[in-house]
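What follows is calculated from the coordinates using simple rules that are stated; it is not laboratory data. Since this is a predicted model, take the numbers as computed values, not measurements. Neighbour counts run over all protein chains shown; Cβ positions are idealised from the backbone, glycine included.
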Amino acid sequence: MSPALLKMYVSFVGMGFMFISLISLYLSRYKLKGVFKIFTAVIAYILMLAAGLIIFLVVMSGPTSE
């Protein structure tokens, strides 16, 4: 697997984390109550931070040679 293809898949994981985070935040704010609300919100914020870090690293690593 080429480095460019691996970088693309890593960026897809970051975008997937963002999407899951978006759905989790919506559920925690409008649909869930109690402990589930707090649990999903914490998971969503962790995924959002991980996604931001992944996308930042992918963008800042620059273009690949292939």
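Here are a few things to note about the model shown:
- Residues THR64, THR40 arranged by fewest to most Cβ contacts within 10 Å: THR64, THR40
- Note that the chain, at 10 °C in a medium of 1.306 mPa s, gets a Stokes-Einstein diffusion coefficient of 123 µm²/s from its Kirkwood radius over C-alpha pairs.
- Net charge of Cβ neighbours under 15 Å - reference LEU22; Lys, Arg +1; Asp, Glu -1: +2
- Within the chain, longest stretch free of exposed trypsin sites (Lys or Arg not before Pro) [DSSP loop, at most 12 other beta carbons within 10 Å]: 34-66
- Between GLY52, GLY14, GLY34, the GNM of the chain built on Cα springs shorter than 10 angstrom shows GLY34 fluctuating the most.
- Listed values for the range 41-54 are Karplus-derived 3J(HN,Hα) couplings in whole Hz (6.51 cos²θ - 1.76 cosθ + 1.60, θ = phi - 60°), namely 5, 5, 4, 4, 5, 5, 5, 5, 5, 5, 5, x, 5, 4, and x replaces Gly and Pro.
- Between ILE38, ILE20, ILE54, the GNM of the chain built on Cα springs shorter than 10 angstrom shows ILE38 fluctuating the most.
- Rounded to the nearest 500, the 222 nm mean residue ellipticity of the chain from helices alone is -29000 deg cm²/dmol, with -39,500 (n - 2.57) taken per DSSP H run of at least 4 residues.
- Stretched out straight at 0.36 nm per residue, the stretch from VAL58 to LEU27 would grow longer than its current Cα-Cα span by 8.3 nm.
- The residues neighbouring THR40, those whose beta-carbon lies less than 10 Å from its own, together hold a net charge of +3 under the Lys/Arg +1, Asp/Glu -1 convention.
- Residues ILE46 and LYS7, FRET efficiency given R0 of 35 Å [Cβ-Cβ distance, rounded to 0.05]: 0.95
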